[in-house]
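Below: one structure, written as structure tokens.
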Amino acid sequence: MDIRAAGISDVGCVRKQNEDSFLVDPALGLFVVADGLGGHAAGEIASQIVVETVARFVAETVESDRTWPVEYDPTLSYDGNRLKVALLLSDQAIADDIRQNPERETMGSTVVAGLFHGQSLTLAHVGDSRAYLLDREGIRQVTRDHSWVAEQVANGILTPSEARVHPFRNVITQALGNGGDLDVEIQTLELSKSERLLLCSDGLSGMIGDKQIWDIVAQAKDIQQAVESLISKAREHGGEDNITAVLVGWDSEEV
């Protein structure tokens with residue numbers, strides 16, 4: 001499968017620094033967006049720790065004949081275990097950095113990561129960074145936000161439109177580096193040739209609705225232009241947070 005991808009991270013229109021990080025690695029089939037938390041450069045450090053740790057572990061586990069650092073989960077695929085462990089190691093790495101630098105005690109990061117193996121895509125996420133699949137028919141969010149408003153929507157207390165403007169919409173319930181039990185969500189999807197994968201921080205999804213995201217990608221001449229247009233539109237809508245988008249397309253013999 002021939003993978004084509006582009007990624008951009010932008011500081012936005014309000015924040016003074018960019019605390020997002022991302023990775024585009026078609027050779028590994030690995031794509032990551034991490035949204036740092038904590039401010040004062042600590043968020044930037046946390047998100048970079050996540051990207052570097054995930055990339056390193058996935059690269060080290062291309063071959064399966066190695067010692068596994070934690071208990072292997074038999075309910076997950078090999079790639080599912082690779083991503084789950086990579087995120088657990090990222091959580092540990094942030095905690096280790098905080099112990100060495102107590103002034104960063106509030107830092108953490110959300111993350112969404114996609115790993116390709118032929119027509120299969122394995123996704124892992126923690127927090128409210130999102131993964132979408134887009135095709136000729138439309139767009140669908142394939143990750144579940146770990147956030148307070150998402151829980152209220154799931155319980156029927158808020159509608160999706162109310163959640164988009166709720167004052168607590170940025171309150172997340174899971175993040176790497178925050179201590180406590182970590183719920184790394186893993187899923188594997190079988191892809192069609194017409195689909196595209198979008199990974200993004202909430203600086204994009206919070207500024208642009210799903211339908212508008214789909215329209216921008218559908219109208220772009222190529223993946224690079226699509227990502228540039230997504231970032232520009234999020235800025236036009238206020239750019240209230242750092243904005244990061246990674247768009248992945250592929251060609252294969254199967255439709």
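The values are calculated or read from the model by the stated rules, or taken from the named source; none is laboratory data. Because the structure is a prediction, the values reported are computed rather than measured. Note that we place each Cβ from the backbone using ideal geometry, even for glycine, and neighbour counts take in every protein chain shown. For accessibility, only protein heavy atoms count, side chains too; no ligands or nucleic acids. Shrake-Rupley method; radii C 1.70, N 1.55, O 1.52, S 1.80 Å.
Mind listing just one residue for me: the one in the stretch 28-38 that is assigned to a loop (DSSP other than H, G, I, E, B) and either among the β-branched types (Val, Ile, Thr) or at pLDDT 95 or above (or both) and, of those, least open to solvent (accessible area, probe 1.4 Å)?
So the residue we want is 29.
With respect to being hydroxyl-bearing (Ser, Thr, Tyr) and touching a Ser or Thr at 6+ places or on another chain (Cβ under 6 Å), residue 106 falls outside the description.
When the stretch 223-255 is filtered for residues that are modelled with pLDDT of 95 or more, open to solvent by 10 Å² or more (accessible area, probe 1.4 Å) and either closer than 14 Å to residue 5 by Cβ or aromatic (Phe, Trp, Tyr) (or both), the ones remaining, listed by number, are 223, 224, 225, 228. No other residue among 122, 110 is polar (S, T, N, Q), at pLDDT 95 or above and under 19 Å from residue 29 (Cβ atoms) apart from 122. When 56, 15, 4 are checked against the criterion of being open to solvent by 40 Å² or more (accessible area, probe 1.4 Å), closer than 18 Å to residue 184 by Cβ and not aliphatic (A, V, I, L, M), 56 stands alone in meeting it. Residues that are over 16 Å from the mean Cα position of the chain (by Cα) and of a type in the set (Val, Ile, Thr) were ranked within the stretch 86-143; the one that is farthest from residue 44 (Cα to Cα) is 139.
When the residues of the stretch 96-114 are filtered to those that are of a type in the set (Asp, Glu) and assigned to a helix (DSSP H, G or I), the one that is most open to solvent (accessible area, probe 1.4 Å) is 103. The residues in the stretch 115-161 that are polar (S, T, N, Q), without any contact (Cβ under 8 Å) to a residue 40 or more places away in the chain and either crowded, with 23+ Cβ neighbours inside 10 Å or part of a helix (DSSP H, G or I) (or both) can be counted, and the count is 2.
Criterion applied to 86, 93 was being open to solvent by less than 10 Å² (accessible area, probe 1.4 Å), among the hydrophobic types (A, V, I, L, M, F, W, C) and under 30 Å from residue 11 (Cβ atoms), and the one residue passing it is 86. Residues that are modelled with pLDDT under 90 and open to solvent by 60 Å² or more (accessible area, probe 1.4 Å) were ranked within the stretch 174-196; the one that is nearest to the chain's Cα centre (by Cα) is 183.
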